[in-house]
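A.B. asks: Here you go, one structure.
The values are calculated or read from the model by the stated rules, or taken from the named source; none is laboratory data. In this text the structure is predicted, and so the values were computed from the model without any measurement. Counting neighbours? That spans all protein chains shown, and the Cβs are built from the backbone with ideal geometry, glycine included.
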């Protein structure tokens, strides 16, 4: 959606999609706006509670079935399991996505890792296609004035034209671009606390081959899961930048992490967007 600053100001029911890597400030903005009559649509929350809820629980059940006492209780339906996913606690989604590598260190074999990656990709596509429906729900069911789509960092990896059309037809897309300083901070953060990530399959295959060659490994099971995430994250980060920029150039606008960091309230946010649309 392309608008002038004046058209944005006159838009009585604003709907915005925030795009960018995890850590650039999307969720901070969305949580702040939630206090000002904005419906916070968390893509990762929707993925976990709607589209990956059953696979996440099945994975937990498989682990429990290896414990004799719990196995008997599971078979007799004596236990009830449920995910406790919240916007602020998405650990079940990350744990399910997992990391590639040595199973003795919590890693996944390549076929299972790719299977979960594909489930996540399908879930994210479905979640983003739900945005128009939730814009209506935000107004008609929950009575919110405005809508903010806190999209996952891997949205640029989906390569799905229908997703981008749905988002651009119904929301104003803002790509939050990390400054050079923030780029390095995000990379350092990923190195100190490596977390599960989504990778395009072609990117994964290419980078995995390079990693295996560099480490002189013959088997994926030899990989330290955290080491691979630390190694691949900068490469993933810089591969995503042109993808984000292409989406912003065609469908939306770009703001910087420095501009986002200066936003302290709703008025600051609205003024920032107005200025961006007119510059």
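A.B. asks: Being under 26 Å from residue 166 (Cβ atoms) and surrounded by fewer than 18 Cβ atoms within 10 Å (Cβ to Cβ) is the filter here, so list the residues in region 260-269 that pass it.
C.D. replies: Correct list: 266 only.
A.B. asks: Ok, one more. Going by the structure shown, is residue 48 touching a helix residue (DSSP H, G or I) at 6+ places or on another chain (Cβ under 7 Å), assigned to a loop (DSSP other than H, G, I, E, B), at pLDDT 90 or above and within 22 Å of residue 155 (Cα to Cα)? Walk me through how you get there before you give the answer.
C.D. replies: Values: touching a helix residue (DSSP H, G or I) at 6+ places or on another chain (Cβ under 7 Å): yes; assigned to a loop (DSSP other than H, G, I, E, B): no; at pLDDT 90 or above: yes; within 22 Å of residue 155 (Cα to Cα): yes.
Against the criterion (touching a helix residue (DSSP H, G or I) at 6+ places or on another chain (Cβ under 7 Å), assigned to a loop (DSSP other than H, G, I, E, B), at pLDDT 90 or above and within 22 Å of residue 155 (Cα to Cα)), residue 48 does not qualify.
A.B. asks: Which fully enclosed helices (runs of 4 or more DSSP H) of region 177-279 have 1 or more residues being more than 23 Å from residue 91 (Cα to Cα) and in contact with a strand residue (DSSP E or B) (Cβ under 7 Å, 6 or more places away or on another chain)?
C.D. replies: In region 177-279, the matching helices (runs of 4 or more DSSP H) lie at 225-251, 257-261, 266-278.
A.B. asks: Same structure, new question: Please give the number of the condition residue 212 fails out of (1) crowded, with 16+ Cβ neighbours inside 10 Å; (2) free of Cβ contacts under 8 Å to residues at least 60 places away in the same chain; (3) under 23 Å from the mean Cα position of the chain (by Cα).
C.D. replies: Residue 212 satisfies all of (1) crowded, with 16+ Cβ neighbours inside 10 Å; (2) free of Cβ contacts under 8 Å to residues at least 60 places away in the same chain; (3) under 23 Å from the mean Cα position of the chain (by Cα) except (3).
A.B. asks: Looking only at region 153-175, which residues are farther than 17 Å from residue 20 by Cα and in contact (Cβ under 8 Å) with a residue 40 or more places away in the chain?
C.D. replies: So in region 153-175, the residues farther than 17 Å from residue 20 by Cα come out as 161-162, 165-166, 169-170.
Listed by number, the residues that qualify are 169, 170.
For (1) part of a loop (DSSP other than H, G, I, E, B); (2) touching a residue at least 60 places away in the same chain (Cβ under 8 Å); (3) on the phi < 0 side of the Ramachandran plot; (4) touching a strand residue (DSSP E or B) at 6+ places or on another chain (Cβ under 9 Å), each residue gets a yes or a no:
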site: 55; (1), (2), (3), (4): no, yes, yes, no
site: 62; (1), (2), (3), (4): no, no, yes, no
site: 66; (1), (2), (3), (4): yes, no, yes, no
site: 77; (1), (2), (3), (4): yes, no, no, no
site: 80; (1), (2), (3), (4): yes, no, yes, no
site: 95; (1), (2), (3), (4): no, yes, yes, no
site: 111; (1), (2), (3), (4): no, no, yes, no
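A.B. asks: Ok, one more. Tell me which of these residue 207 doesn't satisfy, since it passes every other one: (1) touching a helix residue (DSSP H, G or I) at 6+ places or on another chain (Cβ under 8 Å); (2) free of Cβ contacts under 8 Å to residues at least 24 places away in the same chain.
C.D. replies: Single failed check for residue 207: (2).
A.B. asks: Of everything in region 160-175, what is assigned to a helix (DSSP H, G or I) and farther than 25 Å from residue 119 by Cβ? Give them in sequence order. Please lay out each step first, then the result.
C.D. replies: So in region 160-175, the residues assigned to a helix (DSSP H, G or I) come out as 161-170.
Selection gives 168, 169, 170.
A.B. asks: Next up: Please state which one of 70, 97 is surrounded by 14 or more Cβ atoms within 10 Å (Cβ to Cβ), under 30 Å from residue 32 (Cβ atoms) and touching a helix residue (DSSP H, G or I) at 6+ places or on another chain (Cβ under 7 Å).
C.D. replies: 97
A.B. asks: Here's a follow-up. Counting only residues that are outside any loop (DSSP other than H, G, I, E, B) and out of contact with any strand residue (DSSP E or B) (no Cβ under 9 Å at 6 or more places or on another chain), which one in region 136-159 is surrounded by the fewest Cβ atoms within 10 Å (Cβ to Cβ)? I'd like the intermediate steps shown before the answer.
C.D. replies: Of the residues in region 136-159, the ones outside any loop (DSSP other than H, G, I, E, B) are 136-140, 146-150, 155-157.
Among the residues that remain, those that are also out of contact with any strand residue (DSSP E or B) (no Cβ under 9 Å at 6 or more places or on another chain) are: 136, 140, 157.
Numbers: 136: 11, 140: 9, 157: 20.
Among them, the one singled out is 140.
A.B. asks: A further question follows. Criterion first (modelled with pLDDT of 95 or more and touching a helix residue (DSSP H, G or I) at 6+ places or on another chain (Cβ under 7 Å)) does residue 220 satisfy it?
C.D. replies: yes
A.B. asks: Quick check on region 23-45. Is at least one of its residues within 21 Å of residue 164 (Cβ to Cβ) and surrounded by fewer than 15 Cβ atoms within 10 Å (Cβ to Cβ)?
C.D. replies: Looking for residues that are within 21 Å of residue 164 (Cβ to Cβ) and surrounded by fewer than 15 Cβ atoms within 10 Å (Cβ to Cβ), one finds none in region 23-45, hence no.
A.B. asks: Applying the selection to region 107-130, what residues are more than 15 Å from residue 52 (Cβ to Cβ) and in contact with a helix residue (DSSP H, G or I) (Cβ under 6 Å, 6 or more places away or on another chain)?
C.D. replies: If the condition is that a residue be more than 15 Å from residue 52 (Cβ to Cβ) and in contact with a helix residue (DSSP H, G or I) (Cβ under 6 Å, 6 or more places away or on another chain), then 107, 110, 129 are the ones that fit.
A.B. asks: Out of all the residues in region 14-22, is one or more under 14 Å from the mean Cα position of the chain (by Cα), under 21 Å from residue 146 (Cβ atoms) and part of a loop (DSSP other than H, G, I, E, B)? Write out each step before concluding.
C.D. replies: Looking only at region 14-22, we keep the residues that are under 14 Å from the mean Cα position of the chain (by Cα), and these are 17-22.
Right, trim to under 21 Å from residue 146 (Cβ atoms) and you get 17-20.
Pick out the ones that are also part of a loop (DSSP other than H, G, I, E, B) and you get 20.
Yes, there is a match, as at least one residue in region 14-22 is under 14 Å from the mean Cα position of the chain (by Cα), under 21 Å from residue 146 (Cβ atoms) and part of a loop (DSSP other than H, G, I, E, B).
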